[in-house]
Every structure is written in structure tokens, then in C-alpha cells.
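For reference, the structure is listed below as C-alpha cells.
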Amino acid sequence: MSSFNEIKGLKIKYLSGNPSNPEDGQVWYNSSSAKVVVAGVTGNGGWSSGGSLNTARKNIGASASTTQTAGLVFGGVGGTALTEEYNGSSWSESGDMNTGRRDMGGAGIQTAALAFGGNTPVTVNTETYDGSTWSEVNNLNTGRNSLAGAGLQAAALAIGGSVSPAAVESSHGSTWSEVGDLNTGRAGLGGLGTQTAALAVGGGSPGNAVEEWNGSSWTAANATSTNRVEGTGEAGTQTAALVYAGAPSTAATEAYDGTTWSNKSSMSTARSELGFGGSQGSALAVGGNPNTAVTEEFTIPVTRNIT
């Protein structure tokens, strides 16, 4: 008689307890309870208060690839160069950008970030961040502001924005090169995901357009329920995304599973042009318009179903 592994080709981890941060759908055997355990995400989640920024601001630079416990924001209204890092409970100031600006794109993580474009006025300037210091690197081909970013410091996308609203550029850590245009050019949009699997959300009018990037071309996807003409917050991946806030000032939060959008619990403070980051089940909303220092943390509870 064939075993389960021979039939399905799967193996279940044998653990003495439950893992601290299981993924949705993860399965394991808990030897202490002699149970097979399945992790499942339930409910609409909720927003709670986090530590406030040291400097209130809007039009902030951020990256959706950062995490809720290792956040990063930079620049903002007035062309400031200020940078702040989050440790999960409080913000601390770090090294200033070389070029203060607002409405820029961002990519990467807290210790390896990328900032590009923005308004100082409109610029092509690109800088890398190593966790303490910003350094200038090769410029964008097209200067623009109100653009989106996605990916990591060494594998980033610059998406849409003013001046050339359909233009998309790809960077591999040294130079930017033009790649496939958006189907719907727009400024004020949000971006998340990786250099080869990104999501462009909102922006322009009516502000609910969504497109998926596969590394070579963009495909229209299902629209969001809420129109967000600019200044969205975003977190997660192309197939597990969270989008929240945006202008007109809203507290609405939506999750995306790669096909369908679903409404989640609304934020406590409606706003736009904010800092962001994290995952679909553990996101960060920072500052924003109206000019504020408020930070909120989104969490979807994980339940363990014992079978």
C-alpha cells in the first residue's frame, strides 16, 4: 500500500511545539500535543496605535518591502531630508538624505533602501541607504514625482508618476533602464511586490485601476472598491497585498489575493500621502496628510485549527 507521501509527494514538519510566526496554510505535526496543526488567517484584522514619528510630515518616502518591526521613512513635505527608523515600538532619527525632497519612490528594506525621483523640484536623483548613511548613485532616465516603487535596493522598479505617467524603469543596483509601460499611465499611484512580480494600484482618475507586472509586461487586474487618486499606503506581495488610506482622505483598507479584493477593518485615522510597509497581515501606516506624526499597525489574527 502506498504511503501518503508517495501519493501526494508532501512532507509534514515534525515539531515539538507550534512555530512562532506560521504562514497562512502552513501545516505541521506538534509532537507535544500529538496533533496535526493548520495555520489559517481569519477575520478582518484591526489597526492599533504605534509609536509616533519624531517629526510630523506628509508626502513621505517609504518602501512596501520594509516590515512592521523594521520600518523606514524618509523625506516629505517641505523637501525635508529627515530619515527615521522604526523598531516596532518607537521611531529614531538616522542619517539625512543628500537631497531633501517629497513625493518620491522607494524600494528595499530598513538596512538597504533606495529612494528615487521626487519633487525638489522634479528630480532624477537616486540615493541608496545602508542603515545609517545615504549615498548618491546613478539617476533615473526620466525625472518625475508622485511615482511608485517596488522591489529591493538592488532590484527595483520605478513606476509611473508625473511627466511620464506610463513610464516604468528597472534598476539592478547600478543603472536604470526603461521597461514595459503601464497600460494606464498615472501619477499618485502605489506600488508593491518584486521587480518581476509587482502590483500598481490606484492613482489618476478614477483612482481604482490595478495592474500586475510579470517582469516584462503589465496586465489589467480587478479594480479596488475604493478610489484612491493619490497617496496610498501599501504592503505585501502581488498575490497577498494590502492597500489602505489615500486621497480623497480615506481610512478604507483592502486585501488582494491575486484575483479578488476584500474589505478589511478601516484605519483609525483617515489620511493620504503616508509612509507604509510590511505584509498583508502585519502592515504599517506612518504620518501623512493632514500633516501628522501618527503611526498605526495593522494585524490580522492567526488562528491554529487543530485536526
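Couple of notes before you dig in:
- Residue check for S89: in a loop (DSSP other than H, G, I, E, B), closer than 24 Å to T253 by Cβ and more than 15 Å from the chain's Cα centre (by Cα): yes
- Given (1) at pLDDT 95 or above; (2) surrounded by fewer than 20 Cβ atoms within 10 Å (Cβ to Cβ), number of the condition S146 does not satisfy: (2)
- Criterion violated by A252 - all others in (1) surrounded by 20 or more Cβ atoms within 10 Å (Cβ to Cβ); (2) of a type in the set (A, V, I, L, M, F, W, C); (3) farther than 21 Å from L157 by Cα satisfied: (1)
- Test for S90: is it assigned by TED's automatic domain parsing to the domain that holds E127 and either in contact with a Ser or Thr (Cβ under 7 Å, 6 or more places away or on another chain) or on the phi > 0 side of the Ramachandran plot (or both): no
- When we screen E136, E169 for residues that are surrounded by fewer than 21 Cβ atoms within 10 Å (Cβ to Cβ) and either at pLDDT 95 or above or in contact with a Leu (Cβ under 8 Å, 6 or more places away or on another chain) (or both), the only hit is E136.
- Of residues in segment 276-288 being under 15 Å from G88 (Cβ atoms) and buried (at least 24 other Cβ atoms within 10 Å of the Cβ), the one nearest to the chain's Cα centre (by Cα): G277
- Pairs, first closer than 20 Å to S94 by Cα in segment 113-124, second part of a loop (DSSP other than H, G, I, E, B) and at pLDDT below 95, C-beta under 9 Å, six or more apart: L114/G173
- Within segment 69-88, being more than 27 Å from P121 (Cα to Cα) and crowded, with 21+ Cβ neighbours inside 10 Å holds for one residue alone: Y86.
- Taken together, the residues in segment 49-82 that are small (G, A, S), within 15 Å of the chain's Cα centre (by Cα) and closer than 15 Å to Y129 by Cβ amount to 6.
- Positions within segment 170-193 being closer than 16 Å to A221 by Cβ and of a type in the set (S, T, N, Q), in sequence order: N183, T184
- The residues of segment 96-123 that are buried (at least 17 other Cβ atoms within 10 Å of the Cβ) and more than 16 Å from the chain's Cα centre (by Cα), listed by number, are M97, T99, R101, R102, G117, G118, N119, T120, V122, T123.
- The residues listed here are S174, S170; of these, the one that is hydroxyl-bearing (S, T, Y), part of a strand (DSSP E or B) and more than 24 Å from S268 (Cα to Cα) is S170.
- Matching entry among S89, S65 (being at pLDDT 95 or above and closer than 19 Å to E234 by Cβ): S65
- Options S164, S135, S146: the member that is in a strand (DSSP E or B) and either touching a Ser or Thr at 6+ places or on another chain (Cβ under 9 Å) or closer than 22 Å to S216 by Cα (or both): S135
The values are calculated or read from the model by the stated rules, or taken from the named source; none is laboratory data. Worth saying up front: this structure is predicted, and the values here are computed from it rather than measured. Positions of Cβ are generated from backbone atoms using ideal geometry, with glycine treated the same way; all protein chains shown enter the neighbour counts.
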